[in-house]
Ligand code: DCS
């Protein structure tokens, strides 16, 4: 019978090629084990609320009132909601004709985009134009929109760091482009080596590929590094020389766990550099309500800001956004609240600061517990998580383990992570899902499990790892660093 309609063999080949490790083989096996009754610690996805993080009170109060506006007419509303939450809910309802049940402009509500622009101005010290900010359903949607408008076919290359968050590899395959990788240097705390990027671009060109854009993830996922201003300047100079647009994924900008390098946005560094860079470099910066102390992944809120993008291109992006009518409206309110938190003197200010600080300070302690835990394990080395939500230890697998993996028909780090899952219930993502140098193996775990559970999780990991190494180590050598 000849194939028809939605039969697999007729599907878009780009769809078939897509791989997405964060919800890949390990995740599926973990879900299966959970069904069989095993306790699983889901450290594979950066999904803070799923691991017990409580929502911040103020934003939920405001959105609750926006969702149930009849409460605002209740004479007792003040008994349950503070006056600043009530005022803010009224503010958003006045901005959004028809309330949360109505579509917004396809770029997002203009009032919320103005709040985002004001936030960017306060953060960077440079003007930001609300007309060049689009609200999106999570940063993922924004990244996909931008990749979609850039990529014409295989001849277009996007420069992506390895290891990388697989949204980029998956998006590039889905749109039929070519991923051009540059390596982050593990021995230099996952710093970026611009020469590696330069070589990759030259090689891609020799294969006839036009490299169009460069992705940076700052702070890094899965690698956790915070880029220095010097590094960002090098990247910008490089994009200028090579005529690349810069896509700056800055969703972890509030997740910083050291005091040496605070977050500095690509936009600020670009503007600080002045002309010709500040007038020439085409920059798109992404942010999200899923991370930081909000961690509101399920709300699906995000934005991107465009700098130096030609107006005709902005129009095309607007046109494509219009096909989906409107980004999620409740999520837009979360974004407005995230970029415009309660101010000193507001009734909710102190509670908001207390709650948000507690989240970041606990994450900082957890980052230390994890890194120290991994570094005390046999054949495991791990850079400190300077930012973001992940720990990415290197596992030096003994040759016998590599042979056993081969016999089992598994990639070595998948083999290790599956054994870890079966033995301990800890569900991680193998490093191969993010890209890593040949012959070097990692796993990624989030730093999100509850702080009080962390010591037990690390002890359970250590016990498994010791036994694994005992079983496979022959003292002849390891996979190389
Ligand atoms: N960019 C980076 C670097 C991310 O890590 C994520 C999510 C996103 C964008 C998309 O976030 P939203 O679409 O929710 O705004 N990170 C995934 C991860 O690695 N684990 O969990 C989610």
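The values are calculated or read from the model by the stated rules, or taken from the named source; none is laboratory data. These figures come from a predicted structure and were not determined experimentally. No Cβ is skipped: glycine too gets one built from the backbone with ideal geometry, and neighbour counts run over all protein chains shown.
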So which residues in segment 125-156 are in a loop (DSSP other than H, G, I, E, B), away from the ligand (no atom under 11 Å from the Cβ) and either closer than 28 Å to residue 191 by Cα or in contact with a helix residue (DSSP H, G or I) (Cβ under 8 Å, 6 or more places away or on another chain) (or both), if there are any at all?
-> 125, 126, 127, 128, 129, 151
Name the single residue, out of those in segment 254-297 being within 12 Å of the ligand (Cβ to nearest atom) and not in a loop (DSSP other than H, G, I, E, B), that is nearest to residue 61 (Cα to Cα).
-> 297
Quick check: is even one residue across segment 304-324 within 25 Å of residue 229 (Cα to Cα), within 16 Å of the ligand (Cβ to nearest atom) and in contact with a helix residue (DSSP H, G or I) (Cβ under 8 Å, 6 or more places away or on another chain)?
-> yes
For segment 200-247, how many residues are in a helix (DSSP H, G or I) and more than 17 Å from residue 436 (Cα to Cα)?
-> 20
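Rundown of residues vs (1) under 28 Å from residue 332 (Cα atoms); (2) in contact (Cβ under 8 Å) with a residue 12 or more places away in the chain, yes/no style:
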{"residue": "32", "(1), (2)": "no, no"}
{"residue": "38", "(1), (2)": "no, yes"}
{"residue": "48", "(1), (2)": "yes, yes"}
{"residue": "52", "(1), (2)": "yes, yes"}
{"residue": "55", "(1), (2)": "yes, yes"}
{"residue": "60", "(1), (2)": "yes, no"}
{"residue": "63", "(1), (2)": "yes, yes"}
{"residue": "68", "(1), (2)": "yes, no"}
{"residue": "71", "(1), (2)": "yes, no"}
Search result, residues across segment 157-171 that are crowded, with 20+ Cβ neighbours inside 10 Å and either more than 14 Å from the ligand (Cβ to nearest atom) or part of a strand (DSSP E or B) (or both) = 157, 158, 159, 160, 161
Top-ranked residue of segment 204-222 - restricted to ones that are touching a residue at least 12 places away in the same chain (Cβ under 8 Å), away from the ligand (no atom under 16 Å from the Cβ) and at negative phi, ranked as surrounded by the fewest Cβ atoms within 10 Å (Cβ to Cβ) = 210
Of the residues 265, 285, 326, 290, which single one is more than 19 Å from the chain's Cα centre (by Cα) and assigned by TED's automatic domain parsing to the domain that holds residue 191?
-> 326
Could you tell me whether any residue of segment 453-465 is over 26 Å from residue 258 (Cβ atoms), part of a helix (DSSP H, G or I) and in contact with a helix residue (DSSP H, G or I) (Cβ under 7 Å, 6 or more places away or on another chain)?
-> yes
Determine whether segment 424-431 contains at least one residue that is touching a strand residue (DSSP E or B) at 6+ places or on another chain (Cβ under 8 Å), part of a loop (DSSP other than H, G, I, E, B) and within 16 Å of the ligand (Cβ to nearest atom).
-> yes
